[in-house]
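Since every read-out is calculated from the coordinates, none of them should be taken as a lab result. All values reported here derive from a predicted model rather than from experimental measurement. Cβ coordinates were reconstructed from backbone atoms using ideal geometry, including for glycine residues, and neighbour counts include every protein chain displayed.
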Protein chains: 4
Amino acid sequence: MRIGILNSGGDCPGLNAVIHGVVGAADKLGWEVVGFTDGFEGMLPPARYQLLDVNNTMGIQKLGGTILGTTNKGNFGAKVGAGNVMEVPHEIVNSARKTFDALNLEGLVIIGGDGTLTTALQLCNMGWPVVGVPKTIDNDLHATARTFGFDSAVTSVVDGLDRLQTTAGSHGRVIVLEVMGRHAGWIALHGGIAGGANAILIPEIPFDMDVVCEAVNQREKDGNNFSLIVVAEGALPEGGEQSFIQTEGAASSEYRLGGIGARVAAEIEKRTGKETRSVTLGHLQRGGSPTAFDRILGTWFGVEAVKLIEKKDFGKMVSYQSASVGAVPIEDAVNQLRLVDPEGEEVNAARSVGICMGK
Amino acid sequence: MRIGILNSGGDCPGLNAVIHGVVGAADKLGWEVVGFTDGFEGMLPPARYQLLDVNNTMGIQKLGGTILGTTNKGNFGAKVGAGNVMEVPHEIVNSARKTFDALNLEGLVIIGGDGTLTTALQLCNMGWPVVGVPKTIDNDLHATARTFGFDSAVTSVVDGLDRLQTTAGSHGRVIVLEVMGRHAGWIALHGGIAGGANAILIPEIPFDMDVVCEAVNQREKDGNNFSLIVVAEGALPEGGEQSFIQTEGAASSEYRLGGIGARVAAEIEKRTGKETRSVTLGHLQRGGSPTAFDRILGTWFGVEAVKLIEKKDFGKMVSYQSASVGAVPIEDAVNQLRLVDPEGEEVNAARSVGICMGK
Amino acid sequence: MRIGILNSGGDCPGLNAVIHGVVGAADKLGWEVVGFTDGFEGMLPPARYQLLDVNNTMGIQKLGGTILGTTNKGNFGAKVGAGNVMEVPHEIVNSARKTFDALNLEGLVIIGGDGTLTTALQLCNMGWPVVGVPKTIDNDLHATARTFGFDSAVTSVVDGLDRLQTTAGSHGRVIVLEVMGRHAGWIALHGGIAGGANAILIPEIPFDMDVVCEAVNQREKDGNNFSLIVVAEGALPEGGEQSFIQTEGAASSEYRLGGIGARVAAEIEKRTGKETRSVTLGHLQRGGSPTAFDRILGTWFGVEAVKLIEKKDFGKMVSYQSASVGAVPIEDAVNQLRLVDPEGEEVNAARSVGICMGK
Amino acid sequence: MRIGILNSGGDCPGLNAVIHGVVGAADKLGWEVVGFTDGFEGMLPPARYQLLDVNNTMGIQKLGGTILGTTNKGNFGAKVGAGNVMEVPHEIVNSARKTFDALNLEGLVIIGGDGTLTTALQLCNMGWPVVGVPKTIDNDLHATARTFGFDSAVTSVVDGLDRLQTTAGSHGRVIVLEVMGRHAGWIALHGGIAGGANAILIPEIPFDMDVVCEAVNQREKDGNNFSLIVVAEGALPEGGEQSFIQTEGAASSEYRLGGIGARVAAEIEKRTGKETRSVTLGHLQRGGSPTAFDRILGTWFGVEAVKLIEKKDFGKMVSYQSASVGAVPIEDAVNQLRLVDPEGEEVNAARSVGICMGK
């Protein structure tokens, strides 16, 4: 038996861990794995792919990016089709299907975000044996409480804040850090809490510039001469884009038209009189080696995806079940340990990627 | 209103984040917080404590260890009491209670592991207004799926494996890394998966030395000249301690009586003939700055603990609800984003620790 | 005896190590140390300063920034004075001198870059007992082969390149990283060599856009689908600023007027047709905890500065003597070890900062 | 023209940077490079080697260890030969020479420490066209002020101390960290200064246990409840090994016969009554990705070694010229920048490893 795997859209720390998990779990079942190059593009003639096995994927879970390559857009982009529905044109899908059939694939793991998974759903509805793995560094995919890559991005934000704080404190400045999050503020929120931000501005809470400046001023009054502000790239002031006064002759030389971070910085400098700088993390937060958490989550997702194919449970996406903080009686908590289940899914994941568990 | 807080037992990355969360959330309610020094010991006369506020706890969430100090054992250790029950002697408890009352405390946050929480339960049963926060770097506390400090420890193991792999590969060696986990193998399991271990030995799965050596030999045959093995300190061979033959004249000069890692290394070298070394991570895995994940979880736990006191919901322990990986229909996952809830508990946690959320 | 210390200009990793070294070495001699706040500004009435001792400076060598605070400009800025010479106005200097005398200082350690040291020289010529410590993250100060902070900045660049490479490789992109270096390309050069850059553009070598694009294209032909390019902020094309054609309608949305990095990126995308992105490291490269190298160099500089004052060798600046790579006969190199000199300057530096050396 | 390269002895961060530099510089000259596997062993029949080129060595400067593999001992070990001189037996050398000649090599780069370089000298005296590159993580080779790998090892020690300090401080303990350095204390000295050690014990200064304990006690009196002590593995008390009383029934359970760190810890606990722990860094300090400094130094050494061969300047070893801290007149330091020399050896090194310098 042979299955295919591809990833599409922006790269994300943990992608290689998913591939590692899929290849390991498939190998245990005696399956072959075909990895398509550059996402769906690799399925179009001339097909570009490689056979993945435990030897040529050894250690990849530690690497950022994806060994398969990826594309953000391409021939597989949805277009207006029959009945005005946005979908991938059928001739493109059919062309890819020929590759799929020629390679005798019996399942396809598609790793991607909202757009990619919409395509996965279309393929599914056309009868493809597809399973999905959610991928979004922003952690904003519905139906999964956590996505791999998010923890790595948050860690980058924390690293950034650690670096900026020493400069902000030494110079008595405000520094604004613009981070990813076009629609959702998860990275800003988690990164800001962990990294000691004094204000966090996210798309879900349209901000009031007066409140932000008041927070800066209050810190000054309390004897803290600096402030760190994290702004998600999609954050906007109340009233929206147009309410954001173009600051003519902003004092800061770093004012730039492009980003919300620079604009917030310019407003703060103008209104509070405090020297303010802005930094855009940009691509620094999506690259690099994934954190331990993301490596494990990615591996686990990959192993689970193979299980779905094994059960022929197509049209499904693996998902991290919702986690939250609550309370339990103390007496339920003591005198009993939570041990590793020797037959449980985490030990299974380890065995799947070829780890000897001692027996 | 005024509440107390203490931590007891071994230090753990994220302890200061809990304290930070408690102080921030209490401050929002206009409460004072008394932090006892060196765990329960600080409650015994002469009482040793400090008033904690948002200024003197600013930025502590980034620091490892605990600003309060802690003790592993002490006067508060359980002893055989009335009816042969193990408990803290009543005169000790009563002495501490006088401090508690003299300070006009109306609640006490106790951060600790199994032993400490057992004491918390005893106090609770004696009418103290107590709430618990679980602390174990081993992640083996029942009733919480995750504890802070665990992610940091796993990250240390991954760092260690990254370092050891280059030496193992360059010299064609086996290297055994002994990590924490007296009863549970969580650290070894997660660290090993994320760090690329070739074998993981945990207390929950008594190991077979032949199986381990076979894994090493098989790698050699497959052209991989090195192996990395993670051993939890509590792992044992099948048949238990006595079955582990004392290796007289073990070839490795690094053989030491103390740890299971060194003994496993000596056996592997003897049986496979491959040069084998062992390293014990020891205290390196419980110190240092907590990961972003642990800072957030700790903060969240602290904020939640104050909520329990506010609701007078004593005798409870905050808990991270169980999380696992499953599957959902792809169609449920697409076309809808998972956004931050502006009134949700994570935004609440940020506001609690004094972060301006823009309005 | 009592001496003063101040730092002026931009913050730099290792500043606190210098302060640590000065305080430790002064303490050994029984001297007191007065640390002025915010550079020279702290010397003007009302004087702002703190007494520094081994207790309140303990551990600061690990922290980025400066515990004294600093200013980039201020009242101490040079102005055109008598005889058209740029210098600090005499009334400002005299005002500071009153503070100096009132505090009974017998020496002043001035840590700063070219501008600050020029002021130090002026003070010196006016009879102040001054010694200088060179500070420039750019490593471009004449008369010292190395400055603290440089190694930390280079390490930031390497971290950045590591992160960018995974994205560049996964997407088959060119990524341009703009780093510090207005006049000198040291950070770009060292960071680029260590981090695996494919092209490095520095102020000292006006670049030819055709050569850069040819390098990108050649890599493509050799099967390497991505390129990483490091650009010092002061790098310019041959022919200078005006020769850099304003790219109308540059394909990359990240094109910005401000930085050379964005402009180089836009040109590369236009000329090679390859998707190109740019990232500006900005303040991320001057903050954060200093590397081990910078902590040691800073400490050493601080200890040496006190020695100069002890010898009343004023008007001097401590300096790292030029180091380069050469060759020696192998026979001179073997059979003799290079040991630590128990009476040497490195052991002396350790003792100076209060480290017990075992006897 | 074709040259060979090998490394021998323990692995060391930066080895791959040397290889990278050699291959890049040789490629510029149109030379081929043969890399021998596992040190000298790869030269003995059946010869084991690979052709190295810029493609198969791309990016290796970032990796720890060595892509060539290495051995600590082997057939090339010196034995008592003619005239009671320790040397590699002539039949071994002759056997290797046949490989050398069969491959038409015209130069050999030998990377190694004292033992390996002694062999290099013997080969040299037998007429081999050999150049040496010094390799010792301990930084104790005569005739070079710095060796690659040392900065990485020091950084590991600093990381370790950062982790240990939080535990030491939280528990009020003494923690002893044993680091490498059998003969020389460089790693302990630099790591201890940068990492905030309170005592440093090195082979060059036989220590007095009373002095060490007094330092611990004095810190306690000064209100610092913990101490961090760095011990080089080769440190010994005054009077030598035998003067170190075997501590029967040492209070610490971590007492072990093996290391000096554990023995020092046991003595401190016994004499001061303070809870004391020890940790051995071991192999953690020689592996992992090299620091930026070591990558650059390694690259530079590699490029320089090729230059020596080009000049047929055999029997030489590349060397980092001695660097120390001194003083210069401030007026010599200001108003002139130290710029990168466009024709200098650092730009040359960059060009040699294939980096486009913009023209």
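Some notes on this structure:
- Note on B:346-355: average number of Cβ atoms from other chains within 10 Å of each residue's Cβ is 5.
- For the range B:7-108, a Kirkwood hydrodynamic radius built from all Cα pairs, placed in the Stokes-Einstein relation at 10 °C and 1.306 mPa s, yields a translational diffusion coefficient of 108 µm²/s.
- For the range C:37-183, the alpha-carbon radius of gyration amounts to 1.35 times the rule-of-thumb value 2.2 N^0.38 Å expected for a compact globular protein.
- Across the range B:1-118, the mean sequence separation of Cα contacts (distance under 8 Å, 6 or more residues apart), normalised by length, yields a relative contact order of 37 percent.
- Net dipole in debye of the range D:153-287 [+1 Lys, Arg Cβ; -1 Asp, Glu Cβ; about Cα centre; nearest 20]: 320 debye
- Note on the range C:105-178: with charges restricted to the Cβ of Lys and Arg (+1) and Asp and Glu (-1), its dipole about the Cα centre is near 120 debye.
- Chain B, relative contact order [Cα under 8 Å, separation at least 6], %: 22 percent
- Violating pairs (Cα-Cα greater than 27 angstrom) within the set C:LYS274/D:LYS307; A:LYS28/A:LYS312; A:LYS359/B:LYS274; D:LYS135/D:LYS311; A:LYS28/C:LYS221: C:LYS274/D:LYS307; A:LYS28/C:LYS221
- Chain D residue nearest by beta-carbon to the axis mapping D to A, with distance in Å: D:SER289, 5.
- For chain C, the antiparallel share of DSSP beta bridges with both residues in that region comes to about 15%.
- Environment charge at B:GLU304 (Cβ cut-off 12 Å; Lys +1, Arg +1, Asp -1, Glu -1): -1
- Computed over chain D, the per-residue total of -39500 (n - 2.57) for DSSP H runs of n ≥ 4 gives a 222 nm mean residue ellipticity of -11500 deg cm²/dmol, rounded to 500.
- Percent of alpha-carbon pairs separated by more than 62 Å within the protein assembly as shown: 11 percent
- Comment: the Cα-to-Cβ extended label point of B:VAL80, at 7 Å, lies 6.6, 8.6, 9.5 nm from its counterparts in the other copies, nearest first.
- The trypsin sites (Lys or Arg not before Pro) of the range A:1-92 that DSSP puts in a loop, and whose beta carbon has at most 12 other beta carbons within 10 Å, are A:LYS73.
- For chain A, the average shadow cast by the Cα convex hull is 23.3 nm², which is a quarter of the hull's surface.
- Of A:SER95, A:SER319, A:SER278, the residue with the greatest mean-square motion in the GNM of chain A, using alpha carbon springs below 10 Å, is A:SER95.
- Residue among A:LEU189, A:VAL231, A:HIS283 farthest towards the positive dipole end of the range A:153-287, charges placed on Cβ: A:HIS283
- Near A:ARG146, once Lys and Arg are set to +1 and Asp and Glu to -1 for all other residues with Cβ below 14 Å from its Cβ, the sum equals -3.
- Exam field: A:GLU310 pseudo-label spacings to other copies (7 Å along Cα-Cβ), nanometres: 4.7, 5.8, 7.1
- When the Cα atoms of the range D:153-287 are aligned to their principal axes, the ranges along those axes come out at 35, 35, 24 Å in descending order.
- Charged side chains reduced to their Cβ positions (Lys and Arg at +1, Asp and Glu at -1) give the protein assembly as shown a dipole of some 0 debye around its Cα centre.
- A Gaussian network model of chain D, with springs between Cα atoms under 10 Å, assigns the largest mean-square fluctuation among D:VAL130, D:VAL158, D:VAL347 to D:VAL347.
- With at most 12 other Cβ atoms within 10 Å, longest stretch of chain B clear of loop GluC sites (Glu not before Pro) (DSSP): B:1-247
- Highest-MSF residue in chain A out of A:GLY169, A:GLY160, A:GLY302 [GNM, Cα springs under 10 Å]: A:GLY169
- A point 7 Å from Cα along Cα→Cβ stands in for D:LYS98, and the other copies hold the same point at 5.9, 9.1, 9.2 nm, listed in rising order.
- Computing FRET efficiency as 1/(1 + (r/R0)^6) for B:ASP222 and C:ARG48, where r is the C-beta to C-beta distance and R0 is 41 Å, gives about 0.05.
- Per residue convex hull volume, Cα atoms of the range B:124-181, in Å³: 90 Å³
- Other residues within the sphere of radius under 15 Å centred on the Cβ of B:GLU238, judged by their own Cβ, net out at -4 (K and R +1, D and E -1).
- Alpha carbon centroid spacing (whole Å) that separates the range B:1-69 from the range B:183-213: 36 Å
- Rounded FRET efficiency, nearest 0.05, which uses the C-beta distance separating A:ASN72 from D:ASN335 and R0 of 56 Å: 0.65
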